[in-house]
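The block underneath contains the structure these notes are about, expressed in structure tokens.
Please treat every number below as a calculation from the coordinates, not as lab data. Since the structure is predicted, the reported quantities are computational estimates derived from the model, not experimental observations. Quick reminder, even Gly has a Cβ in these numbers, built from the backbone with ideal geometry, and neighbours come from all protein chains shown.
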């Protein structure tokens with residue numbers, strides 16, 4: 001029998017080390033991350049946009065050699081289902097962290113579960129300000145809060161004109177109620193009088209009596225807070241009521257969607273707060289992301305998609321640096337800094353917030369069937385119209 005000689009002991013040891021390293025690399029487990037978004041229920045449309053951003057980020061990471069596995073859970077547009085999703089993912093020891101949920105009502109239910117089970121939870125788009133004011137050290141938010149939404153819209157109005165009064169029309173869930181508190185707070189700093197606060201049921205908004213009360217008050221500004229499912233329905237009734245303020249202003253959600261802007265008879269000249277616009281981040285990253293997204297999915301990215309894309313890239317980077325260990329991953333998130341299509345991201349404690357990114361929101365205006373950034377001035381794509389040149393006909 002012929003023996004194969006591997007050479008002297010030093011060479012044999014080297015070859016054995018190389019072989020072991022090769023086997024170890026081949027067996028290296030992928031980074032596993034959870035993603036929670038609504039694929040069904042009333043918010044499935046925005047959930048789909050969010051997941052498109054996730055998919056594009058995953059494909060790019062994989063093309064660059066990343067070993068990434070996503071466990072995507074449908075929260076069914078339901079707060080309790082979102083909490084259950086966090087629990088289910090947290091009990092999987094190989095899931096390093098979770099991206100989402102998307103909406104404030106879902107994130108408000110999910111956050112305490114993540115805190116209790118000690119799993120990092122990164123929120124790209126849920127803006128209810130109270131979520132990161134609970135002292136949770138396992139919950140991190142990339143996006144701005146609804147307080148910043150209100151500040152952006154009212155700063156725009158008071159910079160462009162001299163409004164004195166406003167009313168707030170809002171869905172009666174977590175997002176709307178929290179935004180209403182923010183409206184009171186910010187209006188006082190702008191010397192604006194809040195004439196009325198009108199909540200409505202987001203499930204099936206019937207606004208007739210409320211709109212007649214608002215019309216009689218003749219407010220300068222009408223602020224509206226809605227989720228994706230009811231934004232168009234709200235605006236249809238507002239237009240039919242014949243209200244003519246100096247400006248209509250929508251708080252993200254159902255107003256920051258192409259489907260809303262395309263309904264020109266409803267959307268024309270409406271101001272909309274947004275977490276992201278095509279001018280976020282550096283010009284190179286902005287254009288590259290927008291083009292890749294449009295080429296892949298056939299439409300422009302919304303802020304939900306852009307923030308999800310940024311969130312997954314950030315979370316994968318943190319997970320690889322921490323080798324998937326949750327406690328170390330939390331430390332990396334707390335101490336790290338990232339930059340990309342969503343601008344600079346670092347999680348800080350300030351003004352009662354914990355692990356909150358100081359994210360800058362923008363204000364867009366629906367013009368000719370599209371949303372254009374009009375404020376702040378350095379990000380302006382088109383000049384804003386204020387007050388309305390003429391109310392759009394229903």
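Could you state the number of Å between the C-alpha centres of region 175-203 and region 85-127? That distance is 28 Å.
Got the relative contact order for the chain handy, in percent, Cα pairs under 8 Å and 6 or more residues apart? Dividing the mean separation by the residue count of the chain yields 18 percent. Each of 76, 206 was scored by other Cβ atoms within 10 Å of its Cβ. Listed from fewest to most, they are 206, 76.
Fewest-first ordering of 39, 109, 389, 201 by other beta carbons within 10 Å of each residue's beta carbon gives 389, 201, 39, 109. Mean silhouette area of the chain, derived from the convex hull of its C-alpha atoms and averaged over all directions, reads 23.3 nm².
Ranked by how many other Cβ atoms sit within 10 Å of their own Cβ, fewest first, the residues 297, 50, 271, 353 fall in the order 297, 353, 271, 50. Specify whether the C-alpha gyration tensor of region 22-122 places it in the rounded, prolate or oblate class, a ≥ b ≥ c being the square roots of the eigenvalues: rounded for a/c under 1.5, otherwise prolate if a/b is larger than b/c and oblate if not. Since a/c reaches 1.5 but b/c is at least a/b, the shape of region 22-122 is classed as oblate.
Compared with the dominant principal axis of the Cα atoms in the chain, helix 44-63 is inclined by about 30°.
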